[in-house]
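Undergrad: Could you have a look at this structure, given as structure tokens, before my questions?
Read-outs: derived from the displayed coordinates by stated rules, not from any lab. This is a predicted model, so every value here is computed, not measured. Every residue, glycine as well, gets a Cβ built from its backbone with ideal geometry; the counts of neighbours run over all protein chains shown.
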């Protein structure tokens, strides 16, 4: 399964998504993760903060890592440096995550290929909010 690059496929992912785990979500309002997560929340998405250094972000309880999240998530949206992606991919495979979204500047080809080989849709080096506004907004 290739990386997801076609607008129709990205539009479908965005339309079917209800709950997004945001890995690296910070409570610091000046961080891109905060702005994107808040805007996605304002568009009706459920946000699940994943950051071991946070207790709550945007009024939602934060989880230390993906393995501790209760309930299903549709998309894992990653705001971490590329060197952290392989570990995140392993957690996504363990959880049976459907879609891994690597934000702009987060590129790890080998990890993305591993996720795709495990049946996970992978969107890489794109901002989820920008794509939402472009395709559905």
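Undergrad: Take the stretch 30-60 and flag every residue that is over 15 Å from residue 129 (Cα atoms) and under 14 Å from the mean Cα position of the chain (by Cα).
TA: Scanning the stretch 30-60 gives 48, 49, 50, 51.
Undergrad: In the stretch 102-134, how many residues are surrounded by 14 or more Cβ atoms within 10 Å (Cβ to Cβ) and farther than 22 Å from residue 40 by Cα?
TA: 8
Undergrad: Further, regarding this structure: Where in the stretch 1-78 are there strands (runs of 3 or more DSSP E), lying fully within it, with 2 or more residues that are under 19 Å from residue 112 (Cα atoms)?
TA: Qualifying strands (runs of 3 or more DSSP E): 19-23, 75-78.
Undergrad: Cβ-Cβ below 8 Å, separation at least six or inter-chain, first residue in the stretch 6-21 and in contact (Cβ under 8 Å) with a residue 12 or more places away in the chain, second in a helix (DSSP H, G or I) and loosely packed, with under 14 Cβ neighbours inside 10 Å: which pairs?
TA: Correct list of pairs: empty, since none qualify.
Undergrad: Give the residues of the stretch 91-133 that are farther than 26 Å from residue 28 by Cα and out of contact with any helix residue (DSSP H, G or I) (no Cβ under 8 Å at 6 or more places or on another chain), sorted by residue number.
TA: 96, 98, 109, 113, 116, 117, 119
Undergrad: Further question: Name the residues in the stretch 48-68 that are buried (at least 20 other Cβ atoms within 10 Å of the Cβ) and closer than 26 Å to residue 109 by Cα, would you?
TA: 48, 49, 50, 51, 66
Undergrad: Looking at (1) over 13 Å from the mean Cα position of the chain (by Cα); (2) within 18 Å of residue 49 (Cβ to Cβ), which is the one condition that is false for residue 76?
TA: (1)
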